[in-house]
Amino acid sequence: MKEYGSIEAAIFDLGGVIFGISLDPVFHSWAESIGCQPQDVEAKFRTDSQWAVYERFEIGQISPREYRDHVCDLLGARLSPEDFDRGWNSIYLELLPGIESLLKQLRQTLRLVALTNTNQIHAKEWRLRYSDILTYFEKVFASHEIGARKPDPASFQIVLDYLDTDPGKVVFIDDNPGNVHGASAIGIKGIVATSPHEIIDEFQRTVPEIEM
C-alpha cells in the first residue's frame, strides 16, 4: 500500500463526520409517547447527572435497562423499551454528502478505521442503518465495547495498538474539538471537521504531504 508521506492511517469519528445526528427527533419522539412538549423533555434530559450517567453507559458500565430507567426517572414518566429505543435511535440522519467518495479516495492509500463514542442501544441501529458505508473501515471501535471513550487517551491507544503504528503516522478526524485535542495530546495529527469539504481542506493544511 502506498503511503502519504509519513501518514499510514486515518481514524474517523462517525456521528457528525460520516452521518448526521440530532437529538431533536429524540425529544419529539419521547414527547409524543409521553404526551408532553418536546422542550419539556429536552429540559429534563439535559442535566449534569444525565451526562455523567450517559458517559458510564458509553463505556459499558451500565446496562441498557439501567440507562432507560435513569432517563425515565429524569423525565418523570415511563417509556416502554420499544418506545424508548425508537426515540433514542431517531438521532440518526442521512450520510453527509460527499463522504462516500472521500472515503473511497482515501482508502486507496491509507488504512481507515473508525472510533466512536456510542452505546449498546445505538450501536445496533447504526451498524445496520449505515452498514454499506461502514465497509470502508477495516475496523470500527465502539466505546462501549472497548471500555474507553474519547478523549480518554486509552481509547486512542487501543486503536494505535490495533494499527501497530506510531501516533505521528495517524490522522484523526472528529467534529468535537475536545476529542481532537485528546488525540493531539498523544501525538496524533488532529483534524476538526464536520463535512467532507472541511476534511479535504484540513488534510491539505494539517498534512501538506497529502495530495487531494
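No lab work stands behind these numbers, since they all come straight from the coordinates. Given the structure is predicted, the values throughout are model-derived calculations rather than measurements. A quick note on method: Cβ atoms are made from the backbone with ideal geometry, for glycine too, and the neighbour counts reach across all protein chains shown.
Things to note:
- The set of residues in the stretch 85-120 that are of a type in the set (S, T, N, Q) and in a loop (DSSP other than H, G, I, E, B) comprises GLN108, THR109, ASN117, THR118, ASN119.
- Exclusive hit being surrounded by fewer than 19 Cβ atoms within 10 Å (Cβ to Cβ), in contact with a Phe, Trp or Tyr (Cβ under 6 Å, 6 or more places away or on another chain) and basic (Lys, Arg), set ARG107, ARG65, ARG127, ARG46: ARG107
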